[in-house]
Amino acid sequence: TGAFTYLESYGSEGAGPDQFGEFGPLDVAFYQLSDGSTKAYTPDAGNFRIAALNVDTATGKLSWDAANTFESVAQLTAPYGIEINGNFLYSTDWGASNIDIYQIDPATGALSYVRSFGSEGSGINQFSVESPLDITFLTLESGVTKAYVPDSQNQRVVVLDVNNETGELTWDTDLTLPNGEPSTNQYGIEIHE
């Protein structure tokens with residue numbers, strides 16, 4: 001029927017295990033490890049980290065994965081949105097106006113920082129201040145993967161080419177919607193195939 005039933009809440013406010021800071025958690029993405037178990041990743045902006053959680057797929061219960069929680073003030077300013085494409089996790093970092101890219105170890109779920117993409121501004125490879133907030137992926141019939149990112153203050157939807165082997169992103173100037181036509185202050189984005 002599509003009906004759902006509340007089971008329980010997970011976490012509390014704070015900075016330790018099982019706790020999320022102000023502005024967190026804001027999003028969640030799931031990843032199946034090579035042994036069949038499932039991890040959940042959620043950005044915790046106030047604590048400058050990406051929290052890793054174990055998921056009991058039979059009950060839906062979550063538990064903190066301290067070993068694979070990624071904490072680094074050097075890479076994370078304010079992670080906001082999160083999405084997984086293949087073995088790469090992409091976190092929109094609205095505090096730094098870029099997208100942080102991590103590789104996921106398929107055996108353990110550990111995150112390794114790969115690189116950041118973008119900077120603050122309005123041109124190619126630049127996102128407006130406190131943007132981007134979200135990201136979604138689409139694999140075309142040709143096998144090419146595109147990423148779509150709302151760039152709110154620049155009033156556009158940015159289209160990026162995705163290298164599925166390295167995780168690298170490159171700006172697609174032909175497909176990026178021009179400023180203000182017709183997008184105005186978009187914050188979230190999702191593709192339904």
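Assorted remarks:
Each row is one residue, and each column tells you yes or no for (1) in a strand (DSSP E or B); (2) over 29 Å from A66 (Cβ atoms); (3) over 14 Å from the mean Cα position of the chain (by Cα); (4) modelled with pLDDT under 95.
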residue	(1), (2), (3), (4)
F137	yes, no, no, no
S142	no, yes, yes, no
P150	yes, yes, no, yes
V158	yes, yes, yes, yes
P182	no, yes, yes, yes
I191	no, yes, yes, yes
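- Where V129 falls short, out of the listed (1) more than 30 Å from D35 (Cα to Cα); (2) in contact with a Gly (Cβ under 7 Å, 6 or more places away or on another chain): (2)
- Scanning the range 34-80 for residues that are under 23 Å from S119 (Cβ atoms) and touching a residue at least 60 places away in the same chain (Cβ under 8 Å) turns up just one, I50.
- Taking strands (runs of 3 or more DSSP E) as the structural unit, those lying wholly within the range 47-105 and holding at least 3 residues that are surrounded by 14 or more Cβ atoms within 10 Å (Cβ to Cβ) and of a type in the set (V, I, T) correspond to 98-104.
- Among (1) closer than 28 Å to G36 by Cβ; (2) not in a strand (DSSP E or B), the one test that G123 misses: (1)
- Matching residues, the range 26-46, being open to solvent by 40 Å² or more (accessible area, probe 1.4 Å), within 16 Å of I135 (Cα to Cα) and either modelled with pLDDT under 95 or not in a strand (DSSP E or B) (or both): L26, D27, V28
- Only one entry of E165, E141, E130 meets the criterion of being open to solvent by 70 Å² or more (accessible area, probe 1.4 Å) and within 28 Å of V55 (Cα to Cα), and that entry is E165.
The values are calculated or read from the model by the stated rules, or taken from the named source; none is laboratory data. Quick caveat, the model's predicted, so the values are computed rather than measured. Neighbour counts run over all protein chains shown; Cβ positions are idealised from the backbone, glycine included. These area figures cover heavy atoms from the full protein model, side chains too; ligands, DNA and RNA do not enter into them. Shrake-Rupley method; radii C 1.70, N 1.55, O 1.52, S 1.80 Å.
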